[in-house]
Amino acid sequence: LSGDQLPFTEEQIAQFKSGENRELYPDNDWYHMFMKRLSSQQRVNVNVSGGNDNVRFFSNVSFLHQGSWFKTENEEYKSNPNFTWFNYRTNVDVKLNKSLIDNIMILGLRHAVDPLDAQSLFIVPPTTPGPLTPDGKVVVTQDYDYPAYGRLNRAGFTRTTVTNINSQVGLNLDMSFLTKGLSLSGVFAYQTNANGYHITTQSYEKYRRTDDYNVLEFVRKGSDIDTPLSVSKGSTEYYHLDGIV
């Protein structure tokens, strides 16, 4: 590229390099501006087992929470991604004479919050001012309308709650009293999955900087307007029944 095709003149490049006027010639590190240095995770597991010659049992309870890793400022709604998972499992084996009853039950509950998108951390150039104009409007670029600030603080989020249940009962019946080696076995299994969605969306005005780098001026881009947060809900559910004899 040469001449008028260059995105910046030699004088402008010198201004960016000197760092003397970051208002007109910014050098924004979007990654560190919106990403936390540390994010916490908690995990707890409890196992209980016991029994005797006729009854044996095992139970497990586990809890996992993954904290957020973005820096957000909108406290009116919690758009910061986080993840909570609760899991419970129990196994019970019961021996009746020469017959065996086996029961397994697993319950899983997952709750997650996700912002719409934050890939602009790696797309919006560091020479873009912002993230806001002096009067508080979201700054975008000529080529990209979805900066990280807008996605995290002005666009909404999705909250998902997932419940899984897996239950299985098995029977092994010794029928050697009729014929040596004869047995009857069967398994019945039930599985269900339920998903609940809490979806929020919001629109916001977008402004881009003018091409004159001697002044900090912005012009409106597009026709989006600032709107209240709208909420919608939905759910899906399915189940499986299986039986083997």
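Tallying residues that are at pLDDT 90 or above, open to solvent by less than 90 Å² (accessible area, probe 1.4 Å) and of a type outside the set (A, V, I, L, M) within segment 50-83 yields 10.
Filtering N172, N195 for residues that are more than 30 Å from the chain's Cα centre (by Cα) and either touching a residue at least 12 places away in the same chain (Cβ under 8 Å) or exposed (fewer than 12 other Cβ atoms within 10 Å of the Cβ) (or both) leaves a single hit, N172. Can you pull out the residues in segment 217-229 that are surrounded by 11 or more Cβ atoms within 10 Å (Cβ to Cβ), touching a residue at least 12 places away in the same chain (Cβ under 8 Å) and closer than 14 Å to K137 by Cα? Result: F218, R220, K221, G222, D224, D226, T227. Can you tell which of Y204, Y149, Y213, Y190 is surrounded by 11 or more Cβ atoms within 10 Å (Cβ to Cβ) and either in contact with a Lys or Arg (Cβ under 9 Å, 6 or more places away or on another chain) or acidic (D, E) (or both)? It is Y204.
Quick check: anything in segment 112-127 more than 27 Å from the chain's Cα centre (by Cα) and farther than 23 Å from F83 by Cα? I'd like the intermediate steps shown before the answer.
Initial filter on segment 112-127 (more than 27 Å from the chain's Cα centre (by Cα)): 127.
Subsequent filtering for residues that are farther than 23 Å from F83 by Cα retains 127.
Checked against the condition, which is being more than 27 Å from the chain's Cα centre (by Cα) and farther than 23 Å from F83 by Cα, segment 112-127 yields at least one hit.
I'd like to know if segment 230-243 contains one or more residues that are in contact (Cβ under 8 Å) with a residue 60 or more places away in the chain, open to solvent by less than 50 Å² (accessible area, probe 1.4 Å), within 27 Å of the chain's Cα centre (by Cα) and within 30 Å of I106 (Cα to Cα). Taking every residue of segment 230-243 in turn, none turns out to be in contact (Cβ under 8 Å) with a residue 60 or more places away in the chain, open to solvent by less than 50 Å² (accessible area, probe 1.4 Å), within 27 Å of the chain's Cα centre (by Cα) and within 30 Å of I106 (Cα to Cα).
Would you pick out the residues in segment 29-41 that are in a strand (DSSP E or B) and surrounded by 10 or more Cβ atoms within 10 Å (Cβ to Cβ)? Walk me through it before giving the result.
From segment 29-41, those in a strand (DSSP E or B) are 35, 41; that's our starting set.
Matches in segment 29-41: M35 only.
All of Y144, Y77, Y88 fail the test of being within 26 Å of the chain's Cα centre (by Cα) and under 30 Å from F16 (Cβ atoms), apart from Y144. The residue pairs whose first member lies in segment 27-40 and is in contact (Cβ under 8 Å) with a residue 40 or more places away in the chain and closer than 14 Å to N80 by Cα, whose second member is open to solvent by less than 60 Å² (accessible area, probe 1.4 Å) and of a type outside the set (A, V, I, L, M), and whose beta carbons are closer than 6 Å, counting only pairs six or more residues apart or on different chains, are F34/F70. Evaluation of F86 against the conditions (1) in contact with a Phe, Trp or Tyr (Cβ under 6 Å, 6 or more places away or on another chain); (2) among the aromatic types (F, W, Y); (3) crowded, with 18+ Cβ neighbours inside 10 Å shows that the sole unmet condition is (3). So is V44 of a type in the set (A, V, I, L, M, F, W, C), open to solvent by 70 Å² or more (accessible area, probe 1.4 Å), in a strand (DSSP E or B) and in contact with a strand residue (DSSP E or B) (Cβ under 9 Å, 6 or more places away or on another chain) or not? Taking the combined requirement at face value, the residue satisfies it.
The values are calculated or read from the model by the stated rules, or taken from the named source; none is laboratory data. These numbers come from a predicted model, not from an experiment. All Cβ positions, even for glycine, are placed from backbone atoms using ideal geometry, and neighbour counts span all protein chains on display. For accessibility, only protein heavy atoms count, side chains too; no ligands or nucleic acids. Shrake-Rupley method; radii C 1.70, N 1.55, O 1.52, S 1.80 Å.
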